[in-house]
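I am attaching a structure below and will ask some questions about it afterwards.
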Amino acid sequence: MRVISAGDRMRGDVRPPTGKFHGRATQQLLHHTAEDTRESFVSFDPGARTHWHVHSGGQLLHILEGNARTQAWGESIRALRAGDTAITAPGEKHWHGASADGPMTQLAITSGEVTWLEDVDV
(Lines give C-alpha, C1' and ligand atoms only; values in the text may rest on other atoms or scores of the structure.)
Protein backbone atom coordinates (compact mmCIF):
# COMPACT_ATOMS: atom_id res chain seq x y z
CA MET A 1 0.00 0.00 0.00
CA ARG A 2 1.13 3.49 -0.76
CA VAL A 3 -0.13 6.42 1.29
CA ILE A 4 0.18 9.97 0.02
CA SER A 5 0.18 12.40 2.92
CA ALA A 6 -0.97 16.00 2.55
CA GLY A 7 2.66 17.17 2.68
CA ASP A 8 3.67 14.86 -0.19
CA ARG A 9 1.00 16.02 -2.67
CA MET A 10 1.93 17.85 -5.79
CA ARG A 11 0.76 21.24 -4.57
CA GLY A 12 -0.35 22.81 -7.79
CA ASP A 13 -1.44 26.39 -7.75
CA VAL A 14 -5.06 27.15 -8.43
CA ARG A 15 -5.06 27.96 -12.14
CA PRO A 16 -7.23 27.75 -15.22
CA PRO A 17 -7.48 24.11 -16.30
CA THR A 18 -5.89 22.94 -19.51
CA GLY A 19 -8.31 21.99 -22.23
CA LYS A 20 -11.40 23.57 -23.70
CA PHE A 21 -13.94 25.21 -21.40
CA HIS A 22 -16.91 27.52 -21.89
CA GLY A 23 -16.93 30.03 -19.03
CA ARG A 24 -14.52 30.31 -16.09
CA ALA A 25 -13.12 27.32 -14.22
CA THR A 26 -10.12 26.77 -11.95
CA GLN A 27 -8.14 23.63 -11.15
CA GLN A 28 -5.86 22.54 -8.33
CA LEU A 29 -3.87 19.41 -9.11
CA LEU A 30 -3.56 17.15 -6.07
CA HIS A 31 -1.54 14.29 -7.52
CA HIS A 32 -0.33 12.89 -10.84
CA THR A 33 0.92 9.31 -11.01
CA ALA A 34 3.45 7.80 -13.38
CA GLU A 35 0.55 5.77 -14.84
CA ASP A 36 -1.05 9.08 -15.97
CA THR A 37 -3.82 9.21 -13.37
CA ARG A 38 -4.58 12.70 -12.08
CA GLU A 39 -6.61 13.84 -9.09
CA SER A 40 -7.76 17.47 -9.09
CA PHE A 41 -10.24 19.83 -7.52
CA VAL A 42 -11.99 21.69 -10.33
CA SER A 43 -14.30 24.64 -9.61
CA PHE A 44 -16.73 26.05 -12.17
CA ASP A 45 -18.44 29.44 -12.13
CA PRO A 46 -22.23 29.32 -12.65
CA GLY A 47 -23.00 27.94 -16.11
CA ALA A 48 -19.34 27.14 -16.93
CA ARG A 49 -18.70 23.78 -18.56
CA THR A 50 -16.20 21.71 -20.47
CA HIS A 51 -16.38 21.08 -24.17
CA TRP A 52 -17.19 17.55 -25.29
CA HIS A 53 -14.18 15.31 -24.58
CA VAL A 54 -13.03 11.74 -24.04
CA HIS A 55 -10.51 10.20 -21.63
CA SER A 56 -8.62 7.15 -22.86
CA GLY A 57 -8.72 5.65 -19.35
CA GLY A 58 -12.05 7.04 -18.11
CA GLN A 59 -12.95 9.59 -15.46
CA LEU A 60 -14.66 9.74 -12.07
CA LEU A 61 -16.29 13.00 -10.98
CA HIS A 62 -17.44 13.46 -7.38
CA ILE A 63 -19.43 16.65 -6.74
CA LEU A 64 -18.20 18.34 -3.56
CA GLU A 65 -20.22 21.59 -3.60
CA GLY A 66 -23.01 23.03 -5.67
CA ASN A 67 -25.01 21.56 -8.52
CA ALA A 68 -23.62 20.12 -11.73
CA ARG A 69 -24.81 19.00 -15.13
CA THR A 70 -23.26 16.27 -17.24
CA GLN A 71 -24.10 14.43 -20.41
CA ALA A 72 -22.78 11.42 -22.27
CA TRP A 73 -23.05 11.48 -26.07
CA GLY A 74 -26.50 10.33 -27.19
CA GLU A 75 -28.01 10.61 -23.69
CA SER A 76 -30.01 13.26 -21.83
CA ILE A 77 -28.40 15.89 -19.60
CA ARG A 78 -28.17 14.67 -16.00
CA ALA A 79 -28.34 16.89 -12.91
CA LEU A 80 -25.88 16.14 -10.12
CA ARG A 81 -25.66 17.64 -6.64
CA ALA A 82 -23.11 17.59 -3.84
CA GLY A 83 -22.35 13.97 -2.92
CA ASP A 84 -23.19 12.54 -6.35
CA THR A 85 -20.58 10.74 -8.45
CA ALA A 86 -20.48 10.30 -12.23
CA ILE A 87 -18.24 7.68 -13.84
CA THR A 88 -17.38 7.77 -17.53
CA ALA A 89 -15.98 4.71 -19.26
CA PRO A 90 -12.73 4.86 -21.23
CA GLY A 91 -13.41 6.59 -24.55
CA GLU A 92 -16.92 7.79 -23.57
CA LYS A 93 -17.68 11.19 -25.10
CA HIS A 94 -19.08 13.53 -22.43
CA TRP A 95 -19.09 17.01 -20.88
CA HIS A 96 -19.70 18.39 -17.38
CA GLY A 97 -19.99 21.69 -15.59
CA ALA A 98 -21.91 23.85 -13.12
CA SER A 99 -25.62 24.48 -13.32
CA ALA A 100 -26.67 28.05 -14.08
CA ASP A 101 -27.84 28.66 -10.48
CA GLY A 102 -24.43 28.70 -8.79
CA PRO A 103 -20.81 27.58 -8.70
CA MET A 104 -19.77 23.93 -8.42
CA THR A 105 -16.62 22.13 -7.22
CA GLN A 106 -15.78 18.56 -8.14
CA LEU A 107 -13.06 16.07 -7.36
CA ALA A 108 -11.95 14.73 -10.76
CA ILE A 109 -10.00 11.47 -11.00
CA THR A 110 -8.87 11.11 -14.59
CA SER A 111 -6.93 8.32 -16.31
CA GLY A 112 -5.07 8.43 -19.60
CA GLU A 113 -5.02 11.01 -22.33
CA VAL A 114 -7.82 13.51 -22.93
CA THR A 115 -9.04 14.46 -26.38
CA TRP A 116 -10.89 17.78 -26.54
CA LEU A 117 -13.74 18.12 -29.02
CA GLU A 118 -16.43 20.66 -29.97
CA ASP A 119 -18.23 23.08 -27.64
CA VAL A 120 -21.52 21.95 -26.12
CA ASP A 121 -24.65 23.46 -27.63
CA VAL A 122 -26.95 23.88 -24.60
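The values are calculated or read from the model by the stated rules, or taken from the named source; none is laboratory data. As the structure is a computational prediction, the values presented were derived from the model and not from experiment. As a convention, Cβ positions derive from the backbone with ideal geometry for all residues, glycine included, and neighbour counts pool all protein chains shown.
Tell me whether the stretch 30-41 contains one or more residues that are under 11 Å from the mean Cα position of the chain (by Cα), of a type in the set (Asp, Glu) and at pLDDT below 90. Let's see the steps before the verdict.
Just the residues of the stretch 30-41 that are under 11 Å from the mean Cα position of the chain (by Cα), to begin with: 38-41.
If we keep only those that are of a type in the set (Asp, Glu) too, we end up with 39.
Among the residues that remain, those that are also at pLDDT below 90 are: 39.
The answer is yes, given that some residue of the stretch 30-41 is under 11 Å from the mean Cα position of the chain (by Cα), of a type in the set (Asp, Glu) and at pLDDT below 90.
So, in the stretch 78-97, of the ones that are without any contact (Cβ under 8 Å) to a residue 60 or more places away in the chain and within 9 Å of Asn67 (Cα to Cα), which residue ends up surrounded by the fewest Cβ atoms within 10 Å (Cβ to Cβ)?
Ala79
Also: Of all strands (runs of 3 or more DSSP E) completely enclosed by the stretch 81-122, which ones contain at least 1 residues that are among the aromatic types (Phe, Trp, Tyr) and out of contact with any Leu (no Cβ under 7 Å at 6 or more places or on another chain)? Working first, answer last.
On the way: elements: 85-88, 94-98, 104-111, 114-116.
Those strands (runs of 3 or more DSSP E) span 94-98, 114-116.
Just to be sure I understand the filter: pairs with C-beta atoms under 6 Å, separated by 6 or more residues or on different chains, first member in the stretch 26-40 and farther than 16 Å from His96 by Cβ, second member of a type in the set (Lys, Arg) and modelled with pLDDT of 85 or more. Which pairs pass?
Cβ pairs passing all conditions: His32/Arg38.
At positive phi and modelled with pLDDT of 85 or more, is that true of Gly58?
yes
State which residue is nearest to His31 (Cα to Cα) when the search covers only the stretch 46-56 and only residues that are crowded, with 16+ Cβ neighbours inside 10 Å and under 14 Å from the mean Cα position of the chain (by Cα). Step through it out loud before you land on a result.
Of all residues in the stretch 46-56, those crowded, with 16+ Cβ neighbours inside 10 Å come to 46-50, 52-55.
Imposing the further condition that a residue be under 14 Å from the mean Cα position of the chain (by Cα) reduces the set to 48-50, 52-55.
Values: Ala48: 24, Arg49: 23, Thr50: 21, Trp52: 24, His53: 21, Val54: 20, His55: 17 Å.
Step by step, filter the stretch 46-56, then rank; the result is His55.
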